[in-house]
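Enquirer: Here you go, one structure.
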Amino acid sequence: MKLKLKKFSDLRKRKDGRAAAVSAPVPSRWRCGPEPSRRRSDAGRGHAAPFLPPGRPTRPGSAHTGRFALGSSPSRVLARAPGRPTTAGGTAFPGVRARGWVKAAKMAQKRRLAEDAGGPRGPTPGSQRAALYVHWPYCEKRCSYCNFNKYIPRGVDEAAMRRCLVTEAQTLLQLSGVRRVESVFFGGGTPSLASPHTVAAVLEAVAQATHLPADSEVTLEANPTSAPSSRLAAFRAAGVNRLSIGLQSLDDTELQLLGRTHSASDALQMLAEARRHFPGRVSVDLMLGLPAQHVGPWLGQLQKLLHHCDDHVSLYQLSLERGTALFTQVQQGSLPAPDPELAAEMYQEGRAVLREAGFRQYEVSNFARNGALSTHNWTYWQCGQYLGVGPGAHGRFIPQGAGGHTREARIQTLEPDNWMKEVMLFGHGTRKRIPLGELALLEEVLAMGLRTDVGITHQHWQRFEPQLTLWDVFVADKEVQELLEQGLLLLDHRGLRCSWEGLAVLDSMLPTLLSRLQEAWQQRTPSPVPGG
């Protein structure tokens, strides 16, 4: 009997928009994308589906983290509210402190070299490496599709927020025992509304507490009306070297429907400025599956975007989230419900256009060329450690400083004022800690790894499970064999991965694969509970 597979693996809710049609629900703990803010059940995004963490996980780390876990999934869209430049809290641009984090990093490196003199030094162990997600919770307005953890304040005490972000980053770095931060992602919310001085202060604190290489990827989410050219230059001087733009559409009617404050012209103008300041390191989001949207005009937008965009495109399906204005309009009948079949066709046609244009689909929703993939989000999909800093941020790491040996999922307090009070009292605002068992971690390795074109190599799997191999788990299962025979799944000397066709139906395959993993795990480790 052939398995009935859906056409589009991301036709679900979330991103990390983070809605949809999957054959079976995928547990939220596997949705970690680029942005931790998207990982809460009670906070939300308005999506289009990385991750967790987080970034976008999506995210993972978000409040968008990721993204791709815990309430958010990497395949969903980052809900970025539009905004105009502000100087919240009266803070100024970095000025003489520009690139101060680089100086701090060099000084810290010299200090560590002096401390380690006389002894051999190898590469930093995986347990001491991590990505860092920083959540800025404020926006100028809420878009019609967005239910992320974001706030529309009358005023922001940015100096206080900055101090708390710095304090929590320092505390979590100490608790985790992390010695090397591979990447930093500023998500939200609309982090481009924050002062570049805040970005510089966080980076400087990280560089002083641990090793932050001068060429580390430092990403900032931005909206077309929140960062004019002079502000982009200031963010670059503060240490940002990659920009992720919430463009969402190049159709003014669609932008109005989404509640965006920018026009298509604004988006293209900012894109040109972004490419000038961050050549080769600009990401853009494009949403699909909107009410009354059709394949042809949407493909025209994508083709137009390819004449202007840099080297990275994310395709996110709209996710109708309960409580949002767009959800209410559809429920009341003033707008037609999005057609999942049309969304699936847009996705398939869009990924074909991007492949022809030389883009590598390195993850279900993400496409890059010229090597411009997001290394921060790649950490989420490879189930690496990440720290989530800021209101509602999510993280996953082994709390070595607290004497722990098991990786934990951590969720920070959602509401900014309460979070700041906790940070000032305790040094961090962690509201919930969830130990991840071995099977839960393996399930995430499987679900997240298969989102990428590389999949799960045998070597990567053995890092998490040295005894039970991929062959042991999957090679003898009849349903898995059927997926292999259909060419949707590949299992060979390289490892386990989806084919190009299989990536589009991953969500339909995951229940089968996860069920097989659970069976294999139970056979390997009998339950200590009778009948359990």
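The values are calculated or read from the model by the stated rules, or taken from the named source; none is laboratory data. These numbers come from a predicted model, not from an experiment. FYI the Cβ positions are ideal-geometry reconstructions off the backbone, even for glycines, and counts take in every protein chain you see. What goes into the accessible areas is simple: the full protein's heavy atoms, side chains included, and nothing from ligands, DNA or RNA. Shrake-Rupley method; radii C 1.70, N 1.55, O 1.52, S 1.80 Å.
Enquirer: Assign one of three labels to the range 357-483, namely rounded, prolate or oblate, based on the Cα gyration tensor with a ≥ b ≥ c the square roots of its eigenvalues; rounded applies when a/c is under 1.5, prolate when it is not and a/b is larger than b/c, and oblate otherwise. Before the final figure, lay out each step's value.
Expert: Values: a/c = 2.74, a/b = 1.53, b/c = 1.79.
Cα axes put the range 357-483 in the oblate bin.
Enquirer: Using a 1.4 Å probe on the protein heavy atoms, what percent of the accessible area of the range 430-532 belongs to carbon and sulfur?
Expert: 52 percent
Enquirer: Which listed residue (LEU212, ALA272, TYR347) has the Cα farthest towards the positive end of the charge dipole for the range 126-381, taking +1 on Lys and Arg C-beta and -1 on Asp and Glu C-beta about the Cα centre?
Expert: Among LEU212, ALA272, TYR347, the one farthest towards the positive end of the dipole of the range 126-381 is LEU212.
Enquirer: Could you pull the accessible area for LEU288 with a 1.4 Å probe, rounded to 10 Å²?
Expert: Probe radius 1.4 Å; accessible area of LEU288 about 0 Å².
Enquirer: Say each of GLU479 and ARG180 gets a label point 7 Å from the Cα, pointing the same way as Cα to Cβ; how far apart are those two points in nm?
Expert: Placing both labels 7 Å beyond Cα along the Cβ direction yields 4.0 nm.
Enquirer: Explain nothing, just the number: dipole magnitude of the range 458-523 about its Cα centre with +1 on each Lys and Arg Cβ and -1 on each Asp and Glu Cβ, in debye rounded to the nearest 20.
Expert: For the range 458-523, the charge dipole is close to 240 debye.
Enquirer: Report the net charge of residues surrounding SER127, where surrounding means a beta-carbon distance below 14 angstrom and charges are Lys +1, Arg +1, Asp -1, Glu -1.
Expert: Details: positive: ARG129, ARG179, ARG180, ARG396, ARG407, ARG463; negative: GLU182, GLU408.
That sum, taken over residues with Cβ under 14 Å, equals +4.
Enquirer: Per residue, how much accessible surface does the range 126-381 expose to a 1.4 Å probe? Answer in Å², no decimals.
Expert: That works out to 33 Å² for each residue.
Enquirer: Whole Å is fine, so just give me how far the alpha carbon centre of the range 444-487 lies from that of the range 255-314.
Expert: Their Cα centres are 35 Å away from one another.
Enquirer: Further, regarding this structure: Set Lys and Arg Cβ to +1 and Asp and Glu Cβ to -1, take the dipole of the range 458-523 about its Cα centre, and tell me which of TRP521, SER508, HIS493 lies farthest positive.
Expert: Most positive-ward Cα: HIS493.
Enquirer: Find, among the GluC sites (Glu not before Pro) in the range 310-387, those assigned to loop by DSSP (not H, G, I, E, B) with at most 15 other beta-carbon atoms within 10 angstrom.
Expert: none
Enquirer: Test of understanding: what is the full-extension gain from THR457 to ALA325, defined as 0.36 nm times their sequence separation minus their Cα-Cα distance?
Expert: 43.2 nm
Enquirer: Something else about it: Given points 7 Å out from each Cα along the Cα-Cβ axis, report the HIS493 to THR375 separation in nanometres with one decimal.
Expert: 3.0 nm
Enquirer: Extension gain HIS294-GLN400, at 0.36 nm per residue separation less the Cα-Cα distance, in nm?
Expert: So the extension gain works out to 33.0 nm.
Enquirer: With every protein chain left in place and a probe of 1.4 Å, what is the accessible surface of ARG524, to the nearest 10 Å²?
Expert: In the full protein context, ARG524 sits at about 80 Å².
Enquirer: Please list, or write none, the aspartates and glutamates whose alpha carbon is within less than 18 Å of the alpha carbon of LYS432, excluding same-chain residues fewer than 8 places away.
Expert: Straight-distance partners of LYS432: GLU35, ASP42, GLU168, GLU408, GLU415, ASP417, GLU422.
Enquirer: Using the Cα centre of the range 126-381 as the reference point, and only Cβ charges (+1 on K/R, -1 on D/E), how large is the resulting charge dipole? Debye, rounded to the nearest 20.
Expert: The dipole magnitude comes to about 640 debye.
Enquirer: May I ask you to evaluate 6.51 cos²θ - 1.76 cosθ + 1.60, the Karplus curve with θ = phi - 60°, for each residue of the range 279-288 and list the ³J(HN,Hα) values in order in whole Hz, giving x for glycine and proline?
Expert: x, x, 9, 10, 10, 10, 9, 10, 8, 9
Enquirer: Given Cβ point charges of +1 (Lys, Arg) and -1 (Asp, Glu) and nothing else, what value in debye, to the nearest 20, does the dipole of the range 307-430 about its Cα centre take? Write down the numbers at each step before the final one.
Expert: Details: 9 positive and 13 negative charges, 91 e Å.
Roughly 440 debye for the range 307-430.
Enquirer: Shifting gears a bit: State the percentage of accessible surface on the range 126-381 attributable to carbon and sulfur atoms; use a 1.4 Å probe and exclude ligands, DNA and RNA.
Expert: 47 percent
Enquirer: Debye calculation, C-alpha points only, no solvent: report log10 I(q)/I(0) for the range 408-527 at q = 0.09, 0.23 Å⁻¹, in the same order as the q values.
Expert: Normalising to I(0) and taking log10 leaves -0.35, -1.30.
Enquirer: Ignoring solvent entirely, what values of log10 I(q)/I(0) come out of the Debye formula for the range 269-402 at 0.19, 0.21 Å⁻¹ when each Cα is a single scatterer?
Expert: -1.14, -1.21
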